[in-house]
1. Write out, first by first residue and then by second, each pair whose Cβ atoms fall under 6 Å of each other, whose residues are 6+ apart or on separate chains, and whose first residue, in the range 90-108, is surrounded by fewer than 21 Cβ atoms within 10 Å (Cβ to Cβ) while the second is charged (D, E, K, R) and not in a helix (DSSP H, G or I).
2. Looking at (1) modelled with pLDDT under 90; (2) among the polar types (S, T, N, Q); (3) more than 27 Å from Leu142 (Cα to Cα), which one does Gln30 not meet, given that it meets all the others?
3. Considering only the range 33-48, I want to know if a residue exists there that is under 18 Å from Leu98 (Cβ atoms), in a helix (DSSP H, G or I) and modelled with pLDDT under 95.
4. Any residue at all in the range 156-173 that's over 27 Å from Gly60 (Cβ atoms), in contact with a strand residue (DSSP E or B) (Cβ under 9 Å, 6 or more places away or on another chain) and at pLDDT below 70?
5. Out of curiosity, is Lys75 charged (D, E, K, R) and either touching a Gly at 6+ places or on another chain (Cβ under 6 Å) or part of a loop (DSSP other than H, G, I, E, B) (or both)?
6. Within the range 49-65, how many residues turn out to be in contact with an Asp or Glu (Cβ under 9 Å, 6 or more places away or on another chain) and under 21 Å from Leu102 (Cα atoms)?
7. Filter the range 80-111 down to the residues that are within 23 Å of Cys21 (Cα to Cα) and among the acidic types (Asp, Glu) and list them by number.
8. Determine if the range 55-64 includes at least one residue that is among the charged types (D, E, K, R), farther than 20 Å from Arg2 by Cα and surrounded by fewer than 23 Cβ atoms within 10 Å (Cβ to Cβ).
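The values are calculated or read from the model by the stated rules, or taken from the named source; none is laboratory data. Computed from a prediction, not measured in an experiment: that's the story for all the values here. Cβ atoms come from the backbone with ideal geometry, glycine included; neighbour counts cover every protein chain shown.
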Amino acid sequence: MRALLRTFDESDSESLFEMYCQFEPKGEFQGLPPCTAPQIKKWLTQFCELGFSQFVVEMGGRIVGHSMLCPSQQKTEAELAMFLHQDHRGYGLGKKLLLGTLNFGCKRLELQHVWLFVTGSNPALCLFEEVGFRPRSNGDPLAWEIEMERPSHCGKCKGDKCIVFGEGFPRIVVAHARCATKR
């Protein structure tokens, strides 16, 4: 199974909307996509209007994953949001999308700090931990953060490949066999 990981383009809007209409779960917790089609359209439009850095995973002409870096008031900080359609989880695509997004944040945006909100029931929690995210020091169990370790590692990077976050976008990846998930 081959997938293209790349920067979002506004021409992707309809395909991204279709992914979110089928995405589960919706709106149960902070950070999840809204429940209704009009809410989803408005939510996605805001990302473009606010100029968020957005990325997608495309397979067979369909968008099956989406990530974004939402700028904070501090130029060197951003919030990460990442979603992978439930039918495409367990193939390693989420990790590649996450690492590519962090690569962009480190190399292009020169971020030093990225955070996300995640519930303990989120199956991607172990992925976030594996990459280096940790619970915030303020004790909020839903807020996880990662220090981007800039600029110490940046001198060792070669072109678009980062020793910490791997390769950037666009790139074609081969999804590996589906991982068994604990239920």
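1. Gly90/Arg178
2. (3)
3. First pass over the range 33-48, keeping only residues under 18 Å from Leu98 (Cβ atoms): 33, 47.
Among the residues that remain, those that are also in a helix (DSSP H, G or I) are: 47.
Cutting the leftovers down to modelled with pLDDT under 95 gives us 47.
Yes, the range 33-48 contains at least one residue that is under 18 Å from Leu98 (Cβ atoms), in a helix (DSSP H, G or I) and modelled with pLDDT under 95.
4. Yes - at least one qualifying residue is present in the range 156-173.
5. Yes: the conditions hold for Lys75.
6. Start the filter on the range 49-65 by keeping residues that are in contact with an Asp or Glu (Cβ under 9 Å, 6 or more places away or on another chain), which leaves 54, 56, 58, 62-65.
Filter again for under 21 Å from Leu102 (Cα atoms), leaving 54, 56, 58, 63-65.
Final tally of qualifying residues: 6.
7. Asp87
8. Applying the first criterion (among the charged types (D, E, K, R)) to the range 55-64 yields 58, 62.
Pick out the ones that are also farther than 20 Å from Arg2 by Cα and you get none.
No, the range 55-64 contains no residue that is among the charged types (D, E, K, R), farther than 20 Å from Arg2 by Cα and surrounded by fewer than 23 Cβ atoms within 10 Å (Cβ to Cβ).
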